[in-house]
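What follows is a short report on a single structure.
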Amino acid sequence: MSIDYVVSKAGPLSGEFRVPGDKSISHRSVIFGALADGVTEIRGFLDGLDCLATRDAFRAMGVRIDGPDAGCLRIHGVGMAGLTAPDQPLDLGNSGTSMRLLAGLLCAQPFDSALTGDASLSRRPMRRVIDPLSRMGAMIHGSDNGTPPLEISGGRLLHGIHHISPVASAQVKSALLLAGLYATGETRIDEPAPSRDHTERMLEAFGYPIHRESLSVRLSGGHRLRAASVEVPADLSSAAFFLVGASITPGSEILLRDVGINPTRTGVIQILRAMGADIRLERERMFGAEPVADLRVRAAPLHGIEIPEALVPLAIDEFPALFVAAAYAEGETVLTGAAELRVKESDRIQVMADGLARLGALVDPRPDGIRIQGGTLKSGRIESHGDHRIAMAFAMAALRAEGTIEIGDCNNVETSFPGFANMAVEAGLTVSTVFRDA
Ligand code: S3P
């Protein structure tokens, strides 16, 4: 069955909400919990399909994991050397984070393994992890063009490397750090710009010694991880749809509780504020190693901007939502330096450009970005190409459109935001879910 959304204009958005747990932090909590000594308890775990794929992969490698039960996951850690060979290839569904992080971990294990995924994941570039991991001594085979499935040979002795990464990618950095836990000597990664640092924060929380200095992180192999309790913040990447929805819809005011505001993630808030949005941070506090706040957002007139390239890695998952904000802003919004968007769950520059153009917007997609002329959108049908964030971004676009927007292929919203349609309805959108034969 394929799921379509049919979304139409409603009143202003209002209410208080907690969007589901942070995807990046949920993945990492399973990985480090599994490798730690002792029982790790996670609260606020995202039970979206991506994180469940990571959980299931560790279950298949002999780790007892209970839950999630009301957001609580208990992981009975097996220690650094306790994983066992999976009987079958590990199917990671739509999840690029699972595939890249597990590639780093599994190339250091004594057993062979294989990683597979759905059609979207099977198109995503893996050389960015295969090449540096191979330099560490790993043996990983992808398809000829460097895409999944990955065949990983076990029993390799890894050695640390100094990797100067051409892209700011937390997945690459985290894959190398995971391999580095098992390598002889030091593993060091230098990045061209900051990428999300949840791996570093969680390693520290689990008692693993690491060294960080501006754009560089290094660690040595051979230490152990201690079980910890993890409280997962609400995901700013999921909150972003409501930040945009409330900003563009006159009369709206919503409060989003417990949202992660790690400074390596807050580009979306900075960009929206630069466009004129009214977003306030309330009750700033820490959930363990991660900063959180309640976000209050009120409707405000938005204007187009040139998005500073330095903010691109800090907002990398929020551009589908930001493009919708740009489509309703006064004047032109220009994005450059964002070629990475072309290799996400879909080609997010092209797919958003096609959808916005379909709804009457003036857009000019470029190899590394897009120009969007603000105005209004009309009704129509767009395709999400199985990309969760495209589907949710266009759902918000319906708030100001002249008529109904139909969005095809929304099944993958479940990968990151289970319950999205219900929460959107509670906030004031009119969303119906239509099941069609695939
Ligand atoms: C993620 C890193 C980012 C992001 C993805 C989650 C992570 O990918 O787009 O959704 O959890 O490490 P890149 O590392 O490819 O930038």
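The values are calculated or read from the model by the stated rules, or taken from the named source; none is laboratory data. Source: prediction; values computed, not measured. Here the Cβ positions follow ideal geometry from the backbone for every residue, glycine too, while neighbour counts run over all protein chains shown.
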Practice prompt. Specify the residue that is nearest to the ligand (Cβ to nearest atom); the eligible residues are those in the range 80-100 that are of a type in the set (A, V, I, L, M) and within 17 Å of the chain's Cα centre (by Cα).
Written response: Met99
Worksheet entry | strands (runs of 3 or more DSSP E) wholly inside the range 311-388 containing at least 3 residues that are of a type outside the set (D, E, K, R) | 332-335, 362-366, 369-373
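A quick yes/no check of all residues on (1) touching a helix residue (DSSP H, G or I) at 6+ places or on another chain (Cβ under 7 Å); (2) over 17 Å from Val7 (Cα atoms); (3) within 16 Å of the ligand (Cβ to nearest atom):
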| residue | (1), (2), (3) |
| --- | --- |
| Phe323 | yes, yes, yes |
| Glu330 | no, yes, no |
| Asp354 | no, yes, no |
| Phe394 | yes, no, no |
| Ile405 | yes, no, no |
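Are any of the residues in the range 281-297 within 16 Å of the ligand (Cβ to nearest atom) and closer than 30 Å to Ala397 by Cβ?
As a first pass, look at the range 281-297 and keep what is within 16 Å of the ligand (Cβ to nearest atom): 289-290.
Then keep just the ones that are closer than 30 Å to Ala397 by Cβ; that gives none.
Within the range 281-297, none of the residues are within 16 Å of the ligand (Cβ to nearest atom) and closer than 30 Å to Ala397 by Cβ.
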Worksheet item: Could you give every pair whose Cβ atoms fall below 6 Å, whose first residue belongs to the range 383-411 and is not assigned by TED's automatic domain parsing to the domain that holds Ile349, and whose second residue is among the hydrophobic types (A, V, I, L, M, F, W, C), counting only separations of at least 6 or pairs across chains?
Response: none
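Out of all the residues in the range 405-421, which are within 15 Å of Phe394 (Cβ to Cβ) and part of a helix (DSSP H, G or I)? Spell out how you get there, then give the answer.
Looking only at the range 405-421, we keep the residues that are within 15 Å of Phe394 (Cβ to Cβ), and these are 405-413, 417, 420-421.
Within the range 405-421, Val413, Phe420, Ala421 meet the criteria.
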Worksheet item: Is there a residue in the range 101-112 that is over 14 Å from Thr54 (Cβ atoms), within 16 Å of the ligand (Cβ to nearest atom) and assigned by TED's automatic domain parsing to the domain that holds Thr187?
Response: no
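Here is a yes/no grid of residues against (1) touching a residue at least 60 places away in the same chain (Cβ under 8 Å); (2) over 25 Å from Ser229 (Cα atoms):
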{"residue": "Gly15", "(1), (2)": "yes, yes"}
{"residue": "Phe32", "(1), (2)": "yes, no"}
{"residue": "Gly38", "(1), (2)": "yes, no"}
{"residue": "Leu46", "(1), (2)": "yes, no"}
{"residue": "Ala53", "(1), (2)": "no, no"}
{"residue": "Arg74", "(1), (2)": "no, no"}
{"residue": "Thr84", "(1), (2)": "no, no"}
{"residue": "Leu90", "(1), (2)": "no, yes"}
{"residue": "Pro110", "(1), (2)": "no, yes"}
Worksheet, complete the sentence: Checking Gly276, Gly245, Gly304 in turn, the sole residue that is out of contact with any strand residue (DSSP E or B) (no Cβ under 6 Å at 6 or more places or on another chain) and of a type in the set (Gly, Ala, Ser) turns out to be Gly245
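Between Arg74, Arg127, which is assigned by TED's automatic domain parsing to the domain that holds Arg226 and closer than 21 Å to Ser29 by Cα?
On the way: Arg127 fails: closer than 21 Å to Ser29 by Cα.
Going through Arg74, Arg127 in turn, just one is assigned by TED's automatic domain parsing to the domain that holds Arg226 and closer than 21 Å to Ser29 by Cα: Arg74.
Could you tell me whether Arg348 is among the basic types (Lys, Arg) and either crowded, with 19+ Cβ neighbours inside 10 Å or more than 25 Å from the chain's Cα centre (by Cα) (or both)? Give the derivation first.
Numbers: among the basic types (Lys, Arg): yes; either crowded, with 19+ Cβ neighbours inside 10 Å or more than 25 Å from the chain's Cα centre (by Cα) (or both): yes.
Judged against the criteria, Arg348 is a match.
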Fill in: Members of the range 386-421 found to be of a type in the set (Ser, Thr, Tyr) and in contact with a Ser or Thr (Cβ under 6 Å, 6 or more places away or on another chain), listed by number
Thr404
Worksheet item: Just wondering, is there one or more residues in the range 101-112 that are under 24 Å from His388 (Cβ atoms) and in a loop (DSSP other than H, G, I, E, B)?
Response: no
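For the subset of the range 3-59 comprising residues that are at pLDDT 95 or above and polar (S, T, N, Q), which member is farthest from Ala239 (Cα to Cα)? So that I can check it myself, show each step before the final result.
As a first pass, look at the range 3-59 and keep what is at pLDDT 95 or above: 3-7, 12-59.
Imposing the further condition that a residue be polar (S, T, N, Q) reduces the set to 14, 24, 26, 29, 40, 54.
Working: Ser14: 14, Ser24: 14, Ser26: 16, Ser29: 20, Thr40: 26, Thr54: 22 Å.
Out of the qualifying residues, it is Thr40.
Could you look through the range 57-72, keep only residues that are touching a residue at least 12 places away in the same chain (Cβ under 8 Å) and assigned to a helix (DSSP H, G or I), and pick out the one that is farthest from the ligand (Cβ to nearest atom)? If you could, list the steps in order and put the result at the bottom.
Initially, the range 57-72 is screened for residues touching a residue at least 12 places away in the same chain (Cβ under 8 Å), giving 57-58, 60-65, 67-68, 71-72.
Add one more test, that the residue is assigned to a helix (DSSP H, G or I), and what stays is 57-58, 60.
Numbers: Ala57: 15, Phe58: 16, Ala60: 21 Å.
Of everything passing the filter in the range 57-72, Ala60 is farthest from the ligand (Cβ to nearest atom).
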Response to the item:
Those residues of the range 162-183 that are surrounded by fewer than 20 Cβ atoms within 10 Å (Cβ to Cβ) and either of a type in the set (A, V, I, L, M) or outside the structural domain of Leu83 (by TED's automatic domain parsing) (or both) come to a total of 2
Practice prompt. Please determine, by comparing only the residues of the range 310-321 that are more than 13 Å from Ala391 (Cα to Cα) and more than 13 Å from the ligand (Cβ to nearest atom), which one is surrounded by the most Cβ atoms within 10 Å (Cβ to Cβ).
Written response: Leu311
Discussion item. Of the conditions (1) within 28 Å of Glu383 (Cβ to Cβ); (2) more than 16 Å from the ligand (Cβ to nearest atom), Asp50 satisfies every one except a single condition; which number is it?
Written reply: (2)
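Do any helices (runs of 4 or more DSSP H) lying entirely in the range 188-287 carry at least 3 residues that are at pLDDT 95 or above and outside the structural domain of Leu302 (by TED's automatic domain parsing), and which ones are they? Full working, then the answer.
Working: elements: 198-205, 236-248, 267-274.
The qualifying helices (runs of 4 or more DSSP H) are 198-205.
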Practice prompt. Determine which single condition Asp144 fails, assuming it passes every other condition in (1) free of Cβ contacts under 8 Å to residues at least 24 places away in the same chain; (2) in a strand (DSSP E or B).
Written response: (2)
Worksheet item: Restricting attention to the range 1-35, and to residues there that are surrounded by 24 or more Cβ atoms within 10 Å (Cβ to Cβ) and in a loop (DSSP other than H, G, I, E, B), which single residue is nearest to the ligand (Cβ to nearest atom)?
Response: Asp22
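With the requirement that a residue be away from the ligand (no atom under 16 Å from the Cβ) and either small (Gly, Ala, Ser) or under 23 Å from Ile75 (Cα atoms) (or both), what does the range 181-204 give you?
Result: Leu181, Tyr182, Ala183, Gly185, Glu204.
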